[in-house]
Amino acid sequence: QEQLVESGGGLVQPGGSLRLSCVASGFTFDYYARGWFRQVPGKEREGVSCISNSDDITVYGDSVKGRFTISRDNAKNTVYLQMNNLQPEDTAVYYCTASAPLTHQALCRLGGDFWGQGTQVTVSS
């Protein structure tokens, strides 16, 4: 059973930080491009950040550049999203995704083969 499980979401004040984690099980995460999407009700799913399967090349959405950082730990089968200087417009459900055939760029455009159930991030005073 291939699974991705997100954690780390919650309620945070504007300007605060959160670190999301996504743990993979049931497949070899090493060979998959990995990434994060987010979605709010009534809006399109948005690619936030993705990372390549082998050389740590990354891509970020324009709205999060300079504030968010994606990273991976193959030994822990985990991908992270460090989110700094959070703003109310960052409020969304954040989803982890992965793909073997897609590049990290394509993953952030199209989404992957596997998805987590999502973790809620709410930025509010």
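Summary of computed values
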read-out: Farthest positive-ward along the chain dipole, Cα basis, beta-carbon charges - from Ser99, Met83, Leu4; value: Met83
read-out: GluC sites (Glu not before Pro) lying in DSSP loop within region 7-113, provided at most 12 other Cβ fall within 10 Å; value: Glu44
read-out: Normalised per residue, the volume of the convex hull around the Cα set of the chain (Å³); value: 92 Å³
read-out: Gln87-Thr69 pseudo-label distance in nm [points 7 Å out on the Cα-to-Cβ vector]; value: 2.0 nm
read-out: For region 53-124: rounded, prolate or oblate by the Cα gyration tensor [a/c cutoff 1.5]; value: prolate
read-out: FRET efficiency for Ser54 and Ser125, using Cβ-Cβ distance with R0 set to 30 Å, rounded to 0.05; value: 0.15
read-out: Ranked packing of 35-41, 12-18, most packed first, by mean Cβ within 10 Å; value: 35-41, 12-18
read-out: Per-residue [θ]222 nm for the chain (sum of -39500 (n - 2.57) over DSSP H runs n ≥ 4, rounded to 500); value: -1500 deg cm²/dmol
read-out: Surface accessible to a 1.4 Å probe, per residue, for the residues of the chain, Å²; value: 50 Å²
read-out: At most 12 other Cβ within 10 Å, DSSP loop - trypsin sites (Lys or Arg not before Pro), region 52-87; value: Lys65
read-out: Check: the chain dipole with +1 on Lys, Arg Cβ and -1 on Asp, Glu Cβ, in debye; value: 180 debye
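The values are calculated or read from the model by the stated rules, or taken from the named source; none is laboratory data. Source: prediction; values computed, not measured. Positions of Cβ are backbone-derived with ideal geometry, glycine not excepted, and every protein chain shown enters the neighbour counts. In case anyone asks, the SASA skips ligands and DNA or RNA and just uses the protein heavy atoms, side chains included. Shrake-Rupley method; radii C 1.70, N 1.55, O 1.52, S 1.80 Å.
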